[in-house]
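K.L.:
Please read through the structure below; I'll follow up with questions.
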Amino acid sequence: MATLSPIPQPPTIPFLGNATLIDKEVPLKSFTLLAQQYGEIYQFAYPDGSIVLHLNAHSLVSQVSDDKKFRKLLSRPLEEVRNMLGDGLFSGRGDEMNWGVAHRILMPAFGIGNVVNMYDDMKDICGQLLLKWERFGPDYVFDPSEDFTRLTLDTIAFCSMSYRFNSFYELNMPKFAQELVNALVESSNRAYRPKLATKVPFLYSKQDEKYFSEIKEMADIAAEIIRKRKEHPVEKNDLLNLMLSGKDPKTGQGLSDENIMNNLLTFLAAGHETTSGMLTFVTYYLLKNPEKLVKLREELDRVIGDDDVRLEHLNKCEYMIAIMRETLRLTPSAPNRSCAPYEDIELVGGDGDPNNPANKKYFVKKDTLLTIHADLMMKDPLVWGEDAEVFRPERMMGGAFEKLPYQAWQPFGYGLRACIGRPFAWQEAQLVLASVFHKFDVFLADPGYTLRLKQTLTIKPKGLHIRVAPRAKYNGVPLPIAPSGVVSQPTQTLSNTTPKSEGAGAYTPLYILYGSNTGTCESFAQKLTSNALVHGFKASLSTLDSATNHLPTDGPIVIVTASFEGEPADNAALFVSWLSSLDTAGKVLKDIKFAVFGCGNREWSRTYQRIPTIIDDALEKNGAERLLQRGEADASSVSFFSSFEDYEVALWKTLGDIYGAVRKLSTFEEDGFGIEVVDAGIGRAKLLRQSDAGMGKVVDNKLLTKPGSPAKRHIGSCFSYCAHQMIGIDLAKELALPEGMTYRAGDYLALLPTNPKANVQRVLARFGLSADEEIIIKSETPTTFPVNTPIHVVQLLSGYVELSQPAAKQDIATFQLAAKSEAAAALLTDLSKKYEEEVLLKRLSCIDLLEMYPEVEIPFAKFLRMLPPMRVRQYSISSSPLANPTHATLTVSIIDAPALSGRRDSGFNLDSAEDPFHYLGVASSYLASLRPGDLVPLNVRPSAAAFHLPADPSVPIVMFCAGTGLAPFRGFIQERAEQKKAGRDVGKTVLFLGCRNPDEDYLYMMSDEGLQGEMKLWAELGVVDIRPAFSRKPDDSHGCKYVQDRIWHDHKLVEEMYRSGARASNGVKKACVDTIKDVHPDYNNDEALDRFESVLKERFRSLRIPMSFQMDGGSNVR
């Protein structure tokens, strides 16, 4: 007999088993992490002592998809659902006679012929959705999950029972739908109650009372539907008539009254929850993958044309069908099912081949409950490849879907217990998707939204909001939206701007569009918007996506955008995809006039200015008129901000010459911006800075480096939920994350910092303001300031503006004009002539200059107008959710040093951080100041798809970094350490790490225990092979001073591992190219460089390649 492998299991807790590992809000999240940690199979202990095996790989699922060897068993949550649905088709046990009778009677109702006959009724309900969206218009923010739930509930009730819920005629969701969700959630919660709860029922008496009360109310609705049909019968071969009068062809029996009730509730429940989830997920994936949306739109226009959607159109839309299949693969609405073997059996893991010695074999005892995770099985990289997590509908086309391995796609279950209503749901979804995306342009209300789940027994996106505009009837102006920096909830739609001033019609319209993830491009666009009035233009501010297919022609368009790892910003992706798809032969943009300014970083040489260039070229090729040569700013240069300023000067001159615009006066001040002082004591106005952010609670904050070396901290956070999202932070900081917020190793944490208190105090002192003073801001143009509401000056200066950013040339010119002495004016003139040397390199801010030149007198409102809005800062997460799914950590360098300008208070030592002129990094100082319990605005932002570990942990990897560039790799290593502890085979992991001194900043390696020693422990466990380079003590690293030196010293180790990631600095790049030449002696330097550039484009791509590279920048990677 072949050697059997033990089935791994997480450590248990007495009386509770593994139940504490389950996230109560989204259990699916916990099972996904367990699969990532324990692999293709693991066992899970429940509080009552029962053991359930969880299957996550295709090979195992395909073996148990056999009705002759396995029978359906109800999962624990589904057992609880029987309180509501009884022995209906969804929750009935296979050995219950009623289940077989009902299945045979009701199957014909969902035959293809009958479903086709329901098309007109489906279209009736679909039309109500379309009418609602059209009437509410493009300014309204919709919850697609809610509206799709209305649609699917109304559709199943009308088509199968001739009953109208009329959900679209009610302001609130139908009570039945909400009670159903509550009952399903509570059924899941009841499944994980400790065994003690059954003996002490009063512990959950309130929950149980509500649970059974709502079940009764739903049953009353079902009884009313049955009563009306009996009293007023209709001649219709629908589901309800079959339930009332149908006979089982096998036994001749009909359905009992109780079973009719159970099945009616079953179809109302299962018939709308799953389909509404699929429709919402399709919407999400299309809006996050705009190139797919463009392809779908092209197909719908080709197939449907100007007609209404007809039945014969649906199956001609092949790409739409592929989108539906791919959506169900990634996020099946019903993500798992359960079964049990009739007899003892062996299951083969790996690729399922029993003759492959590498495959493990597992013994499964008769009647053992098996949970099949279809959501994980359909992402198995052995079937779907290394891009299994990527939304790629093309994998479902061209015969590829038909050639999939046996049972590789199982969103509707399997065999006799597969979804009986699949044809109904499929036709309904086809109709709705074709109708919606043919009729409307659809946009994310929050372009930065990342997928979060809500779970009952099914799953749906949580917090997804959209806006729509009819394609044919829209008037060609970008959708009005709030800039992402403006505080707004998803249910709000317009930025908080004041009404147009009198005579606004005399201004020339100007449309400013931006694409921005971190806020820099948005702040540049905001500055243009703010300055437009004084140049004779009335500006509107919108994202690029909001202008997709709606570029205006009645005024110039200015675009400010960037590339992010060569891709467009979240709020520009749809626009770029649409623009790139246009047929240049048609010159369809010939009436448009435009200018483009791009931001980028030359260190990313391969993708520098890629997106701004694509937009600029595509606009011109499609007939648009370029008003000004594309401008650009390099974030790696000290002249980054001045490059924009120079461009702005040229832009206003060009626009003024072309449009004859002249300077205008406004109703407030000359630039349309003013403040009004109000009495202190009014409650603090609260304006959220990111629509999807929450408040994180600091858990920990620790210094990682030794005294005398640059400070680097570990910050930890946890995901929990109160009224806020919670974080915990170290330096390393550890953060507690909010409910529903998840991350992967390699993702970012986006934080909204506040300015150091010392800098705020300097501004108050310079303008003679009290810390308790409140003001009201008024603005005629879109602004990131809170307007028309009282706000404390300290709150405004702390959280809404950047106080440390170097002053712009335009600011210095303003100070010069406002100087009350000729001497000060002359000094400022001289300063502007030496701008880069004296201002940029020394990082002199506006408040620095005002303190240096007290003769300058400007109003506080003018000073505020100069300051850019506070930007979000992104840090790589330095932990893995496998270690703690509710916590995330950051590893950051603290910028705390004497001012480069040489300014200091004579009352302090040169290095004193108490010196008010001491330079403090805004974000790092903010993080360093946090203490356990502090709340922090934060959000998780996914990194590029390539910057994650391979799905197969046995794939070896090599990583390069220096300093706190270690952060994401610590997360990768921690993940592999957790997988190794769980018994999984982990591939060789090599880390080339640069730092100064092994005794000062050798992060996570300077102790034998605790946080400071964890990397050392991981190395001793064989999880990672660390190859350091110490720039201050090279003798301790084989004479290697920098990372590239160590790479060359160990180049034999990496000869077969020269596939690299992005952000390779020149020194590392040279070492890698030299390694490639050593592997391929026939390559000349150019050929080796070409090979290096080609592998930069991919990370962790193929299991056939033995090693993969990843790198991140740092202080001594040269």
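K.L.:
Would you mind stating whether residue 825 is in contact with a strand residue (DSSP E or B) (Cβ under 6 Å, 6 or more places away or on another chain), outside the structural domain of residue 970 (by TED's automatic domain parsing) and touching a residue at least 40 places away in the same chain (Cβ under 8 Å)?
P.N.:
no
K.L.:
Being on the phi < 0 side of the Ramachandran plot and either small (Gly, Ala, Ser) or touching a His at 6+ places or on another chain (Cβ under 7 Å) (or both) is the filter; apply it to the stretch 331-351 and report the residue that is surrounded by the most Cβ atoms within 10 Å (Cβ to Cβ).
P.N.:
333
K.L.:
Picking from 363, 401, which residue would you name as being out of contact with any helix residue (DSSP H, G or I) (no Cβ under 9 Å at 6 or more places or on another chain) and of a type in the set (Phe, Trp, Tyr)?
P.N.:
Of 363, 401, the one residue that is out of contact with any helix residue (DSSP H, G or I) (no Cβ under 9 Å at 6 or more places or on another chain) and of a type in the set (Phe, Trp, Tyr) is 363.
K.L.:
Tally up the residues in the stretch 634-690 that are at pLDDT 75 or above and basic (Lys, Arg), please.
P.N.:
Final tally of qualifying residues: 1.
For (1) more than 28 Å from the chain's Cα centre (by Cα); (2) of a type in the set (Phe, Trp, Tyr); (3) in a loop (DSSP other than H, G, I, E, B), each residue gets a yes or a no:
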position	(1), (2), (3)
376	no, no, no
383	no, no, no
388	no, no, yes
391	no, yes, yes
402	yes, no, yes
405	yes, no, yes
410	no, no, yes
424	yes, yes, no
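K.L.:
I'm trying to understand the selection: among the residues of the stretch 970-992, which are within 18 Å of residue 1053 (Cβ to Cβ) and either touching a Cys at 6+ places or on another chain (Cβ under 6 Å) or in a loop (DSSP other than H, G, I, E, B) (or both)?
P.N.:
Selection gives 986, 987, 988.
K.L.:
I want to confirm something. Restricting to the stretch 491-537 and keeping residues that are part of a strand (DSSP E or B) and at pLDDT 90 or above, which single residue is surrounded by the fewest Cβ atoms within 10 Å (Cβ to Cβ)?
P.N.:
For the stretch 491-537, the residue satisfying everything is 509.
K.L.:
Quick check on my filter: what residues within the stretch 174-233 are of a type in the set (Phe, Trp, Tyr), assigned to a helix (DSSP H, G or I) and in contact (Cβ under 8 Å) with a residue 60 or more places away in the chain?
P.N.:
176, 211, 212, listed by residue number.
K.L.:
Are any of the residues in the stretch 567-580 assigned by TED's automatic domain parsing to the domain that holds residue 521, free of Cβ contacts under 8 Å to residues at least 24 places away in the same chain and either surrounded by fewer than 18 Cβ atoms within 10 Å (Cβ to Cβ) or farther than 24 Å from residue 450 by Cβ (or both)?
P.N.:
Within the stretch 567-580, none of the residues are assigned by TED's automatic domain parsing to the domain that holds residue 521, free of Cβ contacts under 8 Å to residues at least 24 places away in the same chain and either surrounded by fewer than 18 Cβ atoms within 10 Å (Cβ to Cβ) or farther than 24 Å from residue 450 by Cβ (or both).
K.L.:
Cβ contacts < 7 Å: first residue farther than 24 Å from residue 634 by Cβ, restricted to the stretch 549-565; second residue in a loop (DSSP other than H, G, I, E, B) and among the acidic types (Asp, Glu), any location; separation 6+ or different chain. Result?
P.N.:
553/591
K.L.:
Could you check residue 11 against (1) surrounded by fewer than 18 Cβ atoms within 10 Å (Cβ to Cβ); (2) in contact (Cβ under 8 Å) with a residue 24 or more places away in the chain and say which number it fails?
P.N.:
Condition (2) is where residue 11 drops out.
K.L.:
Could you say which residue among 823, 819, 807 is over 21 Å from residue 638 (Cβ atoms), crowded, with 19+ Cβ neighbours inside 10 Å, over 33 Å from the mean Cα position of the chain (by Cα) and hydrophobic (A, V, I, L, M, F, W, C)?
P.N.:
So the residue among 823, 819, 807 that is over 21 Å from residue 638 (Cβ atoms), crowded, with 19+ Cβ neighbours inside 10 Å, over 33 Å from the mean Cα position of the chain (by Cα) and hydrophobic (A, V, I, L, M, F, W, C) is 819.
K.L.:
Here is a follow-up. Do any helices (runs of 4 or more DSSP H) entirely within the stretch 554-669 hold 3 or more residues that are farther than 27 Å from residue 286 by Cα and in contact with a Cys (Cβ under 8 Å, 6 or more places away or on another chain), and if so, which?
P.N.:
Qualifying helices (runs of 4 or more DSSP H): none found.
K.L.:
Now, a different point. Read through the list (1) more than 17 Å from residue 423 (Cα to Cα); (2) crowded, with 20+ Cβ neighbours inside 10 Å; (3) out of contact with any Asp or Glu (no Cβ under 6 Å at 6 or more places or on another chain), then give the number of the only condition that residue 320 fails.
P.N.:
(1)
K.L.:
Regarding the stretch 565-585, can at least one residue be identified that is within 23 Å of the chain's Cα centre (by Cα) and polar (S, T, N, Q)?
P.N.:
So far as the stretch 565-585 goes, yes, one or more of its residues are within 23 Å of the chain's Cα centre (by Cα) and polar (S, T, N, Q).
K.L.:
Among (1) under 21 Å from residue 315 (Cβ atoms); (2) among the polar types (S, T, N, Q); (3) surrounded by 21 or more Cβ atoms within 10 Å (Cβ to Cβ), where does residue 117 come up short?
P.N.:
Answer for residue 117: the failing condition is (3).
The values are calculated or read from the model by the stated rules, or taken from the named source; none is laboratory data. Here the structure is a predicted model, which means the values were calculated and not measured. Counting neighbours? That spans all protein chains shown, and the Cβs are built from the backbone with ideal geometry, glycine included.
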